[in-house]
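Novice: Below is one structure. I have some questions about it.
The values are calculated or read from the model by the stated rules, or taken from the named source; none is laboratory data. This one's a predicted model, so the numbers in the text were calculated from it and none came from an experiment. Cβ placement follows ideal geometry from the backbone for every residue including glycine, while neighbour counts extend to all protein chains displayed.
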Amino acid sequence: MNGKNDLITGVSHDLRTPLTSVLGFLEYIEQDRCQEEVEIRYYVNIAYNKSLVLRKLIDDLFEYTRVNSGEYPLVMERLDLKAFIRQLAEESVPELTKAEMTYEIDDQAGELWIEASPKELVRAYENLITNAIRYGRSGGKVEIGFSKKGNEAVVRISNFGEMIAESDIPFIFERFYRAEKSRSQHTGGSGLGLAISKSIIERHNGVIYVESSPLRTDFITYFPFFIES
């Protein structure tokens, strides 16, 4: 998809589906078609959960447009990337536990210092970790790898769930693209998380790409090392 018209089309489609459900269930209740309180509670609960999906999409859409507007300059500082990612991993433990998963660290590097805006970069990696949890549950764990390549710091976020089809790899970071067309309905994804991560990482002069096989899926990021001026 290209341009504002495609963005509006994607947003409209993703907003319409949960909104239609919310209105349908509320109309059912408003017309007094429910016979018992337990039935009312059931439909209210569905409408509430659909409303959460709407809020998630709206929040992600706001974040996507903000990141790509260029109106908010990054406030850069020297950042210990390993400590930063380790803290995010620890903060993800409740979500991992809920999914009956754990995380492991594969550290093959010494210190990894980069220049970054922690406030912005946190969203990029939160999305990557959440994505690994969402689609890697069957593998039981998320693996976070640290390494160096030349003058670059490398971070790898891996899950061991279902493989991403080779035909989907080139499009995985596009807004609203879903490798499995129906999976967002079951996982709560907005279709914007990976696009947001890519935009943030590239604003930091970084690179992100994905590799996927029947055994594992790796989201790999590269950043230039911090150099004292």
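Novice: Output the residue which, of all residues in region 115-151 that are among the aromatic types (Phe, Trp, Tyr) and at pLDDT 95 or above, is surrounded by the fewest Cβ atoms within 10 Å (Cβ to Cβ).
Specialist: So the first thing to find is which residues in region 115-151 are among the aromatic types (Phe, Trp, Tyr), and the list is 125, 135, 146.
After this cut, where a residue has to be at pLDDT 95 or above as well, the list is 125, 146.
Details: 125: 23, 146: 20.
Ranking the qualifying residues of region 115-151, first place goes to 146.
Novice: Give me the pairs: first residue in region 213-229 and over 13 Å from residue 112 (Cβ atoms), second residue charged (D, E, K, R), beta-carbon distance under 6 Å, and six or more apart or on different chains, which are they?
Specialist: 218/156; 218/211; 220/156
Novice: Here's another thing I want to ask about it. Counting residues that are farther than 19 Å from residue 208 by Cβ and charged (D, E, K, R), which strands (runs of 3 or more DSSP E) fully inside region 83-164 reach at least 3? Give the derivation first.
Specialist: Working: elements: 102-107, 113-116, 141-149, 152-159.
Filter on region 83-164 gives an empty set.
Novice: Scan region 39-61 and tell me whether some residue there is closer than 25 Å to residue 223 by Cβ and assigned to a helix (DSSP H, G or I). Before you say what the answer is, go through the steps one by one.
Specialist: Taking region 39-61 and keeping what is closer than 25 Å to residue 223 by Cβ, we get 60.
Checking which are assigned to a helix (DSSP H, G or I) leaves us with 60.
Scanning region 39-61, I find at least one residue that is closer than 25 Å to residue 223 by Cβ and assigned to a helix (DSSP H, G or I), so the answer is yes.
Novice: Out of the residues in region 46-95 that are surrounded by fewer than 13 Cβ atoms within 10 Å (Cβ to Cβ) and among the basic types (Lys, Arg), state the one that is modelled with the lowest pLDDT.
Specialist: Among those residues, the one meeting the criterion is 55.
Novice: Within region 89-132, which residues are closer than 13 Å to residue 144 by Cα and of a type in the set (A, V, I, L, M, F, W, C)?
Specialist: 89, 105, 109, 128, 129, 132
Novice: I'd like to know if region 170-185 contains one or more residues that are assigned by TED's automatic domain parsing to the domain that holds residue 93, in contact with a Ser or Thr (Cβ under 6 Å, 6 or more places away or on another chain), modelled with pLDDT of 90 or more and not hydrophobic (A, V, I, L, M, F, W, C). Break it down into steps so the answer makes sense when it comes.
Specialist: Start the filter on region 170-185 by keeping residues that are assigned by TED's automatic domain parsing to the domain that holds residue 93, which leaves 170-185.
Applying the additional criterion that residues be in contact with a Ser or Thr (Cβ under 6 Å, 6 or more places away or on another chain) yields 178.
With modelled with pLDDT of 90 or more added as a condition, the list becomes none.
No, every residue in region 170-185 fails to be assigned by TED's automatic domain parsing to the domain that holds residue 93, in contact with a Ser or Thr (Cβ under 6 Å, 6 or more places away or on another chain), modelled with pLDDT of 90 or more and not hydrophobic (A, V, I, L, M, F, W, C).
Novice: While we're here: Going by the conditions given, is residue 198 at pLDDT below 95, basic (Lys, Arg) and not in a loop (DSSP other than H, G, I, E, B)? Reasoning before the result, please.
Specialist: Values: at pLDDT below 95: yes; basic (Lys, Arg): yes; not in a loop (DSSP other than H, G, I, E, B): yes.
It is true that residue 198 is at pLDDT below 95, basic (Lys, Arg) and not in a loop (DSSP other than H, G, I, E, B).
Novice: To continue, here is another question. Please go through region 97-114 and give me each residue that is farther than 16 Å from residue 132 by Cα and not polar (S, T, N, Q), ordered by number.
Specialist: As a first pass, look at region 97-114 and keep what is farther than 16 Å from residue 132 by Cα: 107-114.
Residues satisfying the conditions are 107, 109, 110, 111, 112, 113, 114.
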